[in-house]
Amino acid sequence: MSSIKVKIKQQDLNKIREICQAHGNEPGELINVLQQTQEHFGYLPAEIQEAVANELGLPVAKVYGVVTFYSFFTMIPQGRYPISICTGTACYVRGADNVLQEFKRQLGIAVGETSEDGKFSLNCLRCVGACGLAPVVLVGDKTYGRVSPDGVKDIIAEYQDKE
Amino acid sequence: MGKIKSLEDLKKRKQDLQKKVDLRERADHPEAYVQIKVGMATSGIASGAKEIYDFLVEALEKRNVEAVVTQAGDMGYSYAEPTIEVTKPGEEPVVFGYVTRERADEVIEKYIKRGELVDGILPQNYRTIDDE
Amino acid sequence: MENVKVTIDNQTVEVPKGTTIYKAAKQIGIDIPVLCYMELEDIGIENKPGGCRVCSVEVEGRHNLAPACATEVFDGMAVKTHTMRVINARRTIVEFLLSDHPKDCLTCKKSGNCELQDLAIKLGIREIPGQEYAEMSTYKTDYSPSIVRELDKCIMCRRCESMCNDFQTVGALNAINRGFDAAVAPAFEMDLQYSPCTYCGQCVAVCPTGALTEVDHSRDLIDAISDPNTTVVAQTAPAVRAALGEEFGMEPGTLVTGKMVSALRELGFDYVFDTDFAADLTIMEEGHELLDRLNRHLQGDSDVKLPMLTSCCPAWVRFIEHHFPDMKDIPSSARSPQQMFGSIAKTYFADQIETPREKMVVVSVMPCLAKKYESQREEFAEDGNPDVDFSVTTRELAHLIKEANLDLKNLSDDDFDRPMGESTGAGVIFGTTGGVIEAATRTAYELQTGQQLNDQIVFEQLRGFEGIRKANVDFNGTPINIGIAHGLGNARKLLEQIKRGESDFHAIEIMACPGGCIGGGGQPLHHNDTKILKARQQAIYQEDQNKPIRKSHENPQIQKLYKDFLGEPLGQKAHELLHTKYFDLSRKIEIS
Amino acid sequence: MHLLVCGGTGCRASASDSIAESLKEQLHHHNMDHEVQVILTGCFGFCEKGPIVKVLPDNTFYTEVKPEDASDIVAEHLVKGRQVERLLYKAPSGEQVTDSRHMDFYKKQIRIALRNCGFIDPENIDEYIARDGYLALGTVLNEMTPQQVIDQVKESGLRGRGGGGFPAGKKWEFAYKNESDQKYVVCNADEGDPGAFMDRSILEGDPHAVLEAMAICGYATGADQGLIYIRAEYPLAIKRLKIAIEQAREYGLLGQQIFDSHFNFDIQLRYGAGAFVCGEETALIHSMEGERGEPTFKPPYPAQSGYLEKPTNVNNVETYANVPVIINKGPGWFSKIGTQKATGTKVFALAGKVNNVGLIEVPMGTTLREVIFEIGGGIKGGKKFKAVQTGGPSGGCLTEEHLDTPIDFDNLLAVGSMMGSGGMIVMDEDDCMVSVAKFFLEFTVEESCGKCAPCRVGNKRMHELLERITQGKAEKKDLQRLKNMCHVIADTSLCGLGQTAPSPVLSTMENFWDEYVAHVEDQRCPAGSCKELMRYEIIPENCVGCTACARKCPVGAITGERKQVHEIDQDKCIKCGACLDACKFDAVTIK
């Protein structure tokens, strides 16, 4: 019998330690720590959560419980061009669902998934506060307003050939 | 700027900073201030309206007159350009024609400050959207 | 304390301020159904998430229904617990719960003992509208050595989460996901065996449904007994006899030792022995180890590890291996009674009856789920043949007895077989918190001082129900400080004291379950009534009192065992067969 | 002159940053950098026509401005004094509006919470101070006792703007009266209502107002620590808050011995990670403590045992934003605005099928009609008004007959909706009310924390049933069952999220019963929006076989030879409507 070993890269562990220490290794800072950790790594895979749990002295089950509670946290790496469709009410009544369906169809992935080539990931978000431009789609930081299902193809094409 | 140590300090600081937003403050409630419109259509500019406009903004501030100076389009008095329309709070607008820097100075000192009439008043022949 | 008057279903009752509607109603015999609510009095655990809403009642002047379990009464409050509005709500909620619950009651381990099933029966639910198209949560079933998790059956009562985190501080289980997908599970939904779970089984003990159950070995048992070529040997833990009767409608605290022996014989066991015998053996080893450490300490040996911690409880052992691996040399190296029994049965006794160990099946009947796992630990086997083949719980035994149509109540009182059925009162009290250390004290005292205890055989200062107890026993001029903890959260407190160098204990007994083994995860379900645990404790002490011999070292069969086979306590053979070592099982972050 | 460029999220999304930059460049080019100041402000509210550039002092209101328009604005308007007509706002009547004060959109509004939004540079504390910023805090610390502050807030009648409408002063008093060595003031900025962005706009446009109010609340309740719980998805608001906190500390308006008093107060940010339920104050507190954001049973209330089990006052952004004004202008001034039971104003995020989408602030008691048809400029595209949804997922859909209801907390409740945080979505004849209910339920199902059974399972079941209705698979008796589910979930859920989750369903059943019945009995969607109840078909007589539809069909569901009648494979059809748009011969029809 032996201990359970969680493998992680030295530089990743250093980064996690740095983030945890910046928050005083306080268990109460878990969410802030996870925010920064995800900001750095792009997502929160199991070994990262294990390391955070270890640094903060928390059961990893608890860290996982928190990660799976908040929609902001993800265990799946995001695409290089994360696509977010606003599904706030204003966008909904102006046809966001049709736009979403079209993205799903064209990319062949479901919400919360990343395309196989790692290029695109698809997410929904609630109200970006640009209701005047509804329906709104975000690709990374760039905002597309008054998007119609017809326009989806063009948005994807804009990134398809980029690296 | 350093720390604000007391309420007095804050009030003083506010006084000093007031000018930063005065223009916007007045734009929100122009009726409470002296409003001056400078006719600045192409012909107005050609006859020197821009200089008058600049002069008014500067002079009013220097002389501590709370006023709103705005640019307006063609006022319909092409013959008398440059023209300015002055509305004092609660009073009817008065339009002055052939305005030069000297005349503008006179308008401020006599009409706006003391309420005396000066030469060059033009008859009013239009209504603004405000009146409706 | 200020009292308030409250009217419940037109009856007025006066209760202390701060009492909940549920408790006030209970006082006047009004039964409000609950599902998630759990209060374990005496051990300070209250699970009150207000989650199931089954206890909803109508409070005059309130716009919505109030959860009786969480709502405190106020003076002049008027409550109705069974209006049509309440009945409709309650039934609708249970329909909701059932709509997301498997309907495999026929084969579910919890059938007949399931709080959700009871409620469905009570509310007369006959159909679940919309079931045809209702999406159901699905999770993979997780089989660990001790515990089966079928999360499809989880109703999010959070009782297991409370036990695992608040009471045990193990942190293996936590609520995960949210909304309809929410459940209670280990991190990343990993199997329990990779989690820090200690297999204490307290999650199973409180689970209202079949989401958390024990690994069932009754099929293996039937197979073993049915095989004419194997000799099947039973050992029964002390706490089993104090609880088995409950499964047959007897009062909690009824001792059924003799009837249990009859039943086991009837079921076809070839030998019915007693784990108590091995408990006496444990005391011989552990007691000597304690004295050895103590005397070295008194002689100024600074390397000696004190306090010595008991090691009978496998959940506790796994806890220290997982959570305090740097302290793994503090517990006694003595194996638990179950494992000592196994290794003696398959050597000493196997020789006596001239049966090779492969042909012998040792079955333990335990109040415990961690014992299932313990019997499977690699170090307790020889050439792949385990010392204890498998372990069944009190509940599994009860099922088998019922299956065999045996009327436990009316069975004769039989005695255990010899040699390994001989035991003392000291062996019996292993079944309750404080018992191991009391048994050890009885022996250590006499061995150390050379004086007989006679009438002072009972150490009242070691008994009780508080989570952490401290006592001082005068070993004829040498004061010995003893600590007792039940519940791993309490154990953690003592361990942290030791770690900080603030502990002045010489010996500490630790049991993972509330009340010790009597409150084990394999016992008949107490359904949150801790009075049952106290009754079982009394039964254990009663059994001790009834025993003609009450000190382990006076057990004649133990004396014979040492003389004929083992030699000296802590001797070479004893070390080989009766001692063990501990491992570092903690999670380690390693650089890849 | 001042050029105000809207820097709210909506306008920034359309590059208002670059507009400001281009304007500065152009000014430099024309040598006017000294006379004209460019200020990037908070939200103007008129998001429909963003990005907005406003020229002061003449109030010229340029809409839908692009960075390349900067040269015209400077060269024409500023240099030559001619308004750039093509950028002026055109009212729905077609008339050009030259001065923003004459826009219907602004006419009925009174801006208290939004007083500085679109007016000052939110990243400059001096501009806030110039607008009487921190005067209220100074006054309170110098001249008032905590009880007097509480009394003023009580007297003003200010009620919580986050949803429930609980009197703010009363709440402060509870926290004040619970003695403790440590107390906290929390600002709930976890706006998660789909279609609401007023809190974000206030934080982006006037962050100091919230800081000042929190400090006032800290003084009144006896707290020296403030926490702002803000959605991590609000990067701009976070940035501006951080700047504001830094500036306030520099000026000594946060920190030790503020205004030379014994009062210390500082503020930290805590980030929400995407859970709507964290708008509920106990859930919010758990989230701030690093836990899952699950609500707990009240009592104890946060005022008794909140953050780290210490007395805690929680209010939302808009509530706080009103406080400095109440102190400065007096509770009497404030309580004269609005109605007797609901004083002051309310900010709404007006969106959906109205002409003027945007952020508005109106006195309580303004009617829905005034908001939708005057401020909102009526229904887009001349369609017919059908319903207005207030209160987000907790609220309901109101109809024509409710349009003259004066908006306040109690009135909206009485007609089956609620104020909520201020989302107001207008719907027209094309919106199916069952689908709208389903949309909100989908949101609730996704956002339910899963703690209590009625919300966790019940809402899921309701959503499934609504789905069946929109697919024409439900029976009449299901409607009765749906109603019962609504009542039980509302009656038994643990927190406000679950208790109000059925409101969108109940209110649409109440107001649009026939529409439900049509789906169930005739398998028909009267609004023509439920896809499963729709069929696209080709009218053979009209089809000329031009192949336009087949080429446009994204799933290849249309077959047919050139110059032959085409056909739609119903199994493949995803009902996107591309064929209908493509056909020039009216040969495609919806059945």
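Segment D:LYS239..D:SER180, full-extension length gain: 18.0 nm, with 0.36 nm per residue of separation and the alpha-carbon distance subtracted. All distinct Cα pairs of the stretch A:1-158 go into the 1/r average, and the inverse of that average, the Kirkwood radius, is 17.2 Å. Computed on the Cα atoms alone, the convex hull of chain C gives a volume of 185 cubic angstrom per residue. Just how far, in whole angstrom, is the stretch C:277-349 from the stretch D:1-41 if you go by their alpha carbon centroids? About 79 Å separates the Cα centre of the stretch D:1-41 from the one of the stretch C:277-349. For the stretch D:535-590, the fraction of alpha-carbon pairs lying more than 16 Å apart is 24 percent, rounded to a whole number.
With θ taken as phi - 60° and the Karplus curve 6.51 cos²θ - 1.76 cosθ + 1.60 applied, the whole-hertz 3J(HN,Hα) list for the stretch C:284-292 is 4, 6, 5, x, 5, 5, 4, 5, 4 Hz, x standing for glycine and proline. Remark on D:ASN316: its backbone amide H falls under 5 Å from those of D:ARG161, D:GLY162, D:ASN188, a criterion applied only to residues 5 or more positions apart or on other chains, H modelled at 1.01 Å from N. Taking only the C-alpha atoms of the stretch D:98-212, Rg followed by Dmax gives 16.6, 58 Å. Where does the Debye-calculated log10 I(q)/I(0) of the stretch C:467-516 sit at q = 0.25 Å⁻¹, using only Cα point scatterers of equal weight, no solvent? Once normalised to I(0) and log-transformed, intensities are -0.89. Label-to-label distance for C:GLU378 and D:GLN257 is 6.8 nm, based on points extended 7 Å past Cα in the beta-carbon direction. All Cα-Cα separations within the stretch C:155-297 were binned at 5 Å from zero, giving a P(r) of 2, 8, 11, 13, 12, 14, 14, 13, 8, 4, 1, 0, 0, each value a whole percent of the pairs. Each label point was placed 7 Å from the Cα along the Cα-to-Cβ direction; for C:GLN557 and B:LYS11 their separation is 9.7 nm. Shape summary: chain D maps onto an equivalent ellipsoid whose semi-axes, from the alpha-carbon gyration tensor, are 44, 34, 20 Å in decreasing order. The H on the amide N of C:ILE8, modeled in the peptide plane, is under 5 Å from the matching H of C:VAL13, C:VAL79, each at least 5 residues off or on a different chain. Per the Kirkwood formula applied to alpha carbons, the stretch D:2-107 shows a radius of gyration over Rh ratio, Rg over Rh, of 0.94. Across all Cα atoms of the stretch C:97-215, the radius of gyration (one decimal) and Dmax (whole number) stand at 14.2, 41 Å. Percent of C-alpha pairs per 10 Å bin in the stretch A:81-160, short distances first: 21, 59, 19, 1. A dipole drawn for the stretch C:97-215 from +1 and -1 charges on Cβ atoms has a positive end, and of C:TYR133, C:VAL204, C:SER99 the residue lying farthest that way is C:VAL204. Note that the stretch D:231-248 has calculated 3J(HN,Hα) couplings of 4, 5, 7, 10, x, 5, 4, 5, 4, 5, 5, 4, 4, 4, 5, 4, 5, 5 Hz, one per residue in order, obtained from phi through the Karplus relation 6.51 cos²θ - 1.76 cosθ + 1.60 (θ = phi - 60°); glycine and proline are x. Taken over the C-alpha atoms, the stretch C:3-82 has Rg and Dmax values of 11.9, 36 angstrom. Calculate the length of the line joining the C-alpha centroid of the stretch D:496-574 to that of the stretch C:57-116, in whole Å. First find each Cα centre; the distance between them is then 42 Å. Note on the stretch C:253-315: Kirkwood radius taken over Cα pairs, Stokes-Einstein applied at 10 °C and 1.306 mPa s, translational D equal to 106 µm² s⁻¹.
All distinct Cα pairs of the stretch D:150-208 go into the 1/r average, and the inverse of that average, the Kirkwood radius, is 13.4 Å. Summarised as an ellipsoid, the stretch A:10-67 has semi-axes of 14, 13, 10 Å, derived from the eigenvalues of the Cα gyration tensor scaled by 5 and square-rooted, with the largest first. Computed as a quarter of the hull surface, the mean projected area of the alpha carbon convex hull for the stretch C:357-413 stands at 5.1 nm². Taking the number of Cβ atoms within 10 Å of each Cβ as an exposure proxy, the fewest-first ranking of D:HIS102, D:HIS28 is D:HIS28, D:HIS102.
With N the number of residues in the stretch D:125-335, Rg(Cα) / (2.2 N^0.38 Å) evaluates to 0.93. For a modelled paramagnetic label at D:LYS170, 7 Å from Cα along Cα-to-Cβ, the residues of the stretch D:326-352 in reach, with backbone nitrogen under 16 Å, are D:340-343. Applied to the stretch B:16-22, the Karplus parametrisation 6.51 cos²θ - 1.76 cosθ + 1.60 on θ = phi - 60° returns per-residue 3J(HN,Hα) values of 5, 8, 3, 4, 3, 10, 3 Hz, with x for Gly and Pro. When the P(r) of the stretch C:378-443 is calculated, the portion above 17 Å amounts to 70% of the C-alpha pairs. Distance between the 7 Å Cα→Cβ label points at C:LYS5 and C:SER302: 7.1 nm. With viscosity 1.567 mPa s and temperature 4 °C, the Kirkwood radius over alpha carbon pairs of the protein assembly as shown converts through Stokes-Einstein to a diffusion coefficient of 35 µm²/s. Near C:ARG587, the amide H atoms lying under 5 Å from its own belong to A:ILE4; only residues 5 or more places off or on other chains count, and H is placed 1.01 Å from N.
Rounded to the nearest angstrom and listed largest first, the equivalent-ellipsoid semi-axes of the stretch D:345-428 from its Cα gyration tensor are 18, 13, 11.
For q values of 0.23 Å⁻¹, compute log₁₀ I(q)/I(0) with the Debye formula on a Cα-only model of the stretch D:494-581, without solvent. At q = 0.23 Å⁻¹ the computed log10 ratios are -1.05.
Quick note: the coordinates plus some simple rules give every number you see, no bench work behind them. Just so you know, these numbers come straight off a predicted model, no measurement behind them. Ideal geometry is used to build each Cβ from the backbone, glycine not excepted, and the neighbour counts take in all protein chains shown.
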